[in-house]
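Each remark here refers to the structure printed beneath this line.
The values are calculated or read from the model by the stated rules, or taken from the named source; none is laboratory data. Source: prediction; values computed, not measured. FYI the Cβ positions are ideal-geometry reconstructions off the backbone, even for glycines, and counts take in every protein chain you see.
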């Protein structure tokens with residue numbers, strides 16, 4: 001039997017100010033906007049981590065990564081603690097951190113472990 005655990009969800013959050021700037025100048029207007037598109041379109045999180053763009057936006061109680069993805073997209077809501085009001089459903093480029101500090105990146109199909117060299121930059125010990 002799998003024991004549920006708490007998983008931290010890290011996402012790049014586009015606030016109103018940056019959204020206005022993107023609408024005015026395009027997606028290349030700011031490092032955070034570029035990092036967002038790289039993560040969301042290509043699953044490449046390097047720029048987002050290097051520019052400190054990721055925020056811990058939610059914590060999800062789940063059994064494993066697939067369950068985290070399911071809960072993060074369709075619920076149930078009582079398994080999600082929202083830390084940021086801009087948290088969105090889980091998508092490509094999001095980072096999931098388990099209770100042991102292991103991080104995985106959401107991809108088009110499945111998950112890829114995040115290189116240990118990025119853990120410190122993400123704030124994971």
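One residue alone among 122, 90 is at pLDDT below 90, within 12 Å of the chain's Cα centre (by Cα) and under 29 Å from residue 4 (Cβ atoms), and that residue is 122.
Could you list all residues from the stretch 69-106 that are in contact with a helix residue (DSSP H, G or I) (Cβ under 7 Å, 6 or more places away or on another chain), surrounded by 13 or more Cβ atoms within 10 Å (Cβ to Cβ) and assigned to a loop (DSSP other than H, G, I, E, B)? Within the stretch 69-106, 90, 91, 92, 93 qualify. In the stretch 107-119, of all residues being in contact (Cβ under 8 Å) with a residue 24 or more places away in the chain and in a loop (DSSP other than H, G, I, E, B), the one that is farthest from the chain's Cα centre (by Cα) corresponds to 108.
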